[in-house]
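Okay, so here's the structure we're looking at.
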Amino acid sequence: MMSATDSIKAAGRSRLEELNEALNEVFLAVLRVDMKENTVRVLHNKNARDVPESRVEWPEYLERYTTVFSEKERRGLLSRLSGEALMNQLRAGRLNFTLDTSYKSDYETNWLTISVNIRPGVGGENAHAYIFVRRTNEEHLLRSIIDLFVYSTCDYFIYLNARTNSYVMFSGNTNGTPLPPATCDDYETAIVDYAERYVVPEDREMTVREMRLGRVLEQLEHRGVHSFTVGVMEKGRGYTRKRLEYRYYDRDSQMILLARTDVTDVYFENLERTERLREAQLQAETDPLTGVLNYGGLHERVTRALEKNHQNSALLFIDLDDFKLVNDTMGHHTGDELLRRVTDVLRSQLWERDICGRVGGDEFVVFLPELHGREQAIYCAERLCESIAGIGRRGEFNISCSIGVAYAPEDGTDYASLSRCADARAYAAKARGKNCYHAG
């Protein structure tokens, strides 16, 4: 039978074996370096090339186990982990530090993390350091992915504590873009200072408003994400466009992640695309001969104006008198020139807010969106009749016009009804002898 002492020893061995198995899951090696004697005791070694608790010279151990590294990595480890280097760390009060290094095995790169914890001992005696070595391939891969796909696309990445109004910047771009302080205990003040220094004037008020913690928390509660774009001046680049995005890291603790990315290229591409679309739309809405709106463009603009406010507005339908005679006797080229001159007269006699378009061969429409009274529309019709007739008095053309005036809302509240009414009144003016207007 096993004695009680033997049972205790067996149980102790069992616990040590279990502890060793657990250490194998985490560490390649656990070492205790006596810095004064410059020796090392191997507390654990996964490769089992050393007997646990064995003591060897620390320089000898380092030389043996750093041969797998490249010459550069090897020199770096020897300089950082020698007994003298560890004593210098102790004297400087740096009792904890970590090294990341790598070596190749069968064409595969393996990453190691070496953590050092220095114990000063009592009165400087018995000073020693615990060194923990673990393989961190997966962790390094994750960090590499973060560096490649997060940090490389962000100007900065911030961990923001909304409860304490403080933050820490984990990463800052080194390409010259202006960055906020790396750490800050007063986020609310920092954003105002940053906006004043770098944000373009037209975006400053909006930027401060959108970055306020109250606004951020409100948007995160309702949308789950809060983002906006802002213009920032960068040295060497000039105007740039930045996108700021806030997301919860820990909602209960109000811990927030803030990333700022550069979207300048996309911003200017969208501006260029918008400008091309605007130009295409304008071209589609414009009469190519005269440069004023065509029927479609005029219809849309007048409709929008009426929807916005159909009170106290007027539509003038202008029909040139005897225009066919000009075409028949002087040719279409001369007729086209006459239409352009009529357009110039309309532009010179109208306000910027007024809408003008050509809706037929010799027919024009003018819409007056804001009238103080009917007499304003009548005065405009009188002025247009006189000015168009003035073209003919210069001797090149014999031309005049007949104008019909319709009022909103009395004569209609949409383009079609106002146009029909004004067209009918222009026909009535023509029947009266031309070169006049009929305002109902």
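The values are calculated or read from the model by the stated rules, or taken from the named source; none is laboratory data. Every value quoted in this text rests on a predicted model; they were computed, and no experiment measured them. With ideal geometry, Cβ positions are generated from the backbone for all residues, glycine too; neighbour counts draw on all protein chains shown.
Residue check, TYR249 against (1) outside the structural domain of LEU384 (by TED's automatic domain parsing); (2) without any contact (Cβ under 8 Å) to a residue 40 or more places away in the chain, all met but one. Which one?
Condition (2) is where TYR249 drops out.
Take the residues in region 361-405 that are crowded, with 19+ Cβ neighbours inside 10 Å and among the aromatic types (Phe, Trp, Tyr), then tell me which one is farthest from PHE323 (Cα to Cα).
Going through the qualifying residues, I end up with PHE367.
Quick check on this structure: which one of LYS430, LYS434 is surrounded by 17 or more Cβ atoms within 10 Å (Cβ to Cβ) and either in contact with a Cys (Cβ under 9 Å, 6 or more places away or on another chain) or not acidic (Asp, Glu) (or both)?
Numbers: LYS434 fails: surrounded by 17 or more Cβ atoms within 10 Å (Cβ to Cβ).
Exactly one residue qualifies, and that residue is LYS430.
Which of (1) over 30 Å from ILE355 (Cα atoms); (2) crowded, with 17+ Cβ neighbours inside 10 Å does VAL266 not meet, given it meets every other one?
(2)
Evaluate the following for LEU112: is it modelled with pLDDT under 90 and assigned by TED's automatic domain parsing to the domain that holds VAL40?
Working: modelled with pLDDT under 90: yes; assigned by TED's automatic domain parsing to the domain that holds VAL40: yes.
Yes.
As an exercise: evaluate GLY83 against (1) farther than 18 Å from TRP58 by Cβ; (2) modelled with pLDDT of 90 or more and give the number of the one condition it does not meet.
So GLY83 meets the others, but not (1).
Please tell me if ALA127 is modelled with pLDDT of 70 or more, farther than 30 Å from ALA92 by Cβ and buried (at least 18 other Cβ atoms within 10 Å of the Cβ).
Working: modelled with pLDDT of 70 or more: yes; farther than 30 Å from ALA92 by Cβ: no; buried (at least 18 other Cβ atoms within 10 Å of the Cβ): yes.
Against the criterion (modelled with pLDDT of 70 or more, farther than 30 Å from ALA92 by Cβ and buried (at least 18 other Cβ atoms within 10 Å of the Cβ)), ALA127 does not qualify.
Only one of (1) of a type in the set (Val, Ile, Thr); (2) in the same structural domain as SER253 (by TED's automatic domain parsing); (3) at pLDDT below 80 fails for ILE158. Which number is that?
(3)
Tell me the residue from GLU234, GLU279 that is of a type in the set (D, E, K, R) and either crowded, with 18+ Cβ neighbours inside 10 Å or over 30 Å from CYS356 (Cβ atoms) (or both), please. Before the answer, list the steps.
Values: GLU279 fails: either crowded, with 18+ Cβ neighbours inside 10 Å or over 30 Å from CYS356 (Cβ atoms) (or both).
Criteria check complete, one pass: GLU234.
Evaluate region 384-396: report whether one residue or more is touching a residue at least 40 places away in the same chain (Cβ under 8 Å) and under 48 Å from the mean Cα position of the chain (by Cα).
Checking region 384-396: not a single residue is touching a residue at least 40 places away in the same chain (Cβ under 8 Å) and under 48 Å from the mean Cα position of the chain (by Cα).
Restricting attention to region 93-103, report how many residues are more than 15 Å from ARG80 (Cβ to Cβ) and without any contact (Cβ under 8 Å) to a residue 24 or more places away in the chain.
Selection size over region 93-103: 1.
Can VAL225 be described as at pLDDT 90 or above and either closer than 20 Å to CYS154 by Cβ or not assigned by TED's automatic domain parsing to the domain that holds ASP155 (or both)? Can you show your working first?
Numbers: at pLDDT 90 or above: yes; either closer than 20 Å to CYS154 by Cβ or not assigned by TED's automatic domain parsing to the domain that holds ASP155 (or both): yes.
It is true that VAL225 is at pLDDT 90 or above and either closer than 20 Å to CYS154 by Cβ or not assigned by TED's automatic domain parsing to the domain that holds ASP155 (or both).
Pick from TYR239, TYR248: which is touching a strand residue (DSSP E or B) at 6+ places or on another chain (Cβ under 7 Å) and either surrounded by fewer than 15 Cβ atoms within 10 Å (Cβ to Cβ) or acidic (Asp, Glu) (or both)? Break it down stepwise before answering.
Working: TYR248 fails: either surrounded by fewer than 15 Cβ atoms within 10 Å (Cβ to Cβ) or acidic (Asp, Glu) (or both).
Of TYR239, TYR248, the one residue that is touching a strand residue (DSSP E or B) at 6+ places or on another chain (Cβ under 7 Å) and either surrounded by fewer than 15 Cβ atoms within 10 Å (Cβ to Cβ) or acidic (Asp, Glu) (or both) is TYR239.
So which residues in region 47-62 are charged (D, E, K, R) and at pLDDT below 90? Explain how you work it out, then say what you get.
We begin by selecting, within region 47-62, every residue charged (D, E, K, R); these are 49-50, 53, 55, 57, 60.
Across region 47-62, the qualifying residues are ARG49, ASP50, GLU53, ARG55.
So that you can scan it fast, the table gives a plain yes or no per residue for (1) assigned to a strand (DSSP E or B); (2) under 11 Å from THR290 (Cβ atoms); (3) modelled with pLDDT under 95; (4) among the hydrophobic types (A, V, I, L, M, F, W, C):
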position	(1), (2), (3), (4)
PHE317	yes, no, no, yes
VAL326	no, no, yes, yes
GLY335	no, no, yes, no
ARG341	no, yes, yes, no
TRP351	no, no, yes, yes
GLU370	no, no, yes, no
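Being under 44 Å from the mean Cα position of the chain (by Cα) and over 18 Å from ALA29 (Cβ atoms) is the filter here, so list the residues in region 107-128 that pass it.
Looking only at region 107-128, we keep the residues that are under 44 Å from the mean Cα position of the chain (by Cα), and these are 107-117.
Scanning region 107-128 gives TYR107, GLU108, THR109.
For region 58-91, which residues satisfy the criterion of being among the polar types (S, T, N, Q) and assigned to a helix (DSSP H, G or I)? Break it down stepwise before answering.
Step one: filter region 58-91 for residues among the polar types (S, T, N, Q), giving 66-67, 70, 79, 82, 88-89.
Passing the criteria: SER79, ASN88, GLN89.
Working only within region 216-270, note down all residues that are polar (S, T, N, Q) and out of contact with any helix residue (DSSP H, G or I) (no Cβ under 8 Å at 6 or more places or on another chain).
Of the residues in region 216-270, the ones polar (S, T, N, Q) are 219, 227, 229, 240, 253-254, 261, 264, 270.
Of everything in region 216-270, those that are polar (S, T, N, Q) and out of contact with any helix residue (DSSP H, G or I) (no Cβ under 8 Å at 6 or more places or on another chain) turn out to be GLN219, SER227, SER253, THR264, ASN270.
With GLY373, GLY361, GLY390 as the choices, which residue is closer than 15 Å to PHE317 by Cα and not aliphatic (A, V, I, L, M)?
Result of the check over GLY373, GLY361, GLY390: GLY361.
Give the residue that is nearest to the chain's Cα centre (by Cα), with candidates limited to residues of region 304-354 that are surrounded by 14 or more Cβ atoms within 10 Å (Cβ to Cβ) and within 12 Å of TYR415 (Cα to Cα).
Once the filter is applied, the top-ranked residue is ALA305.
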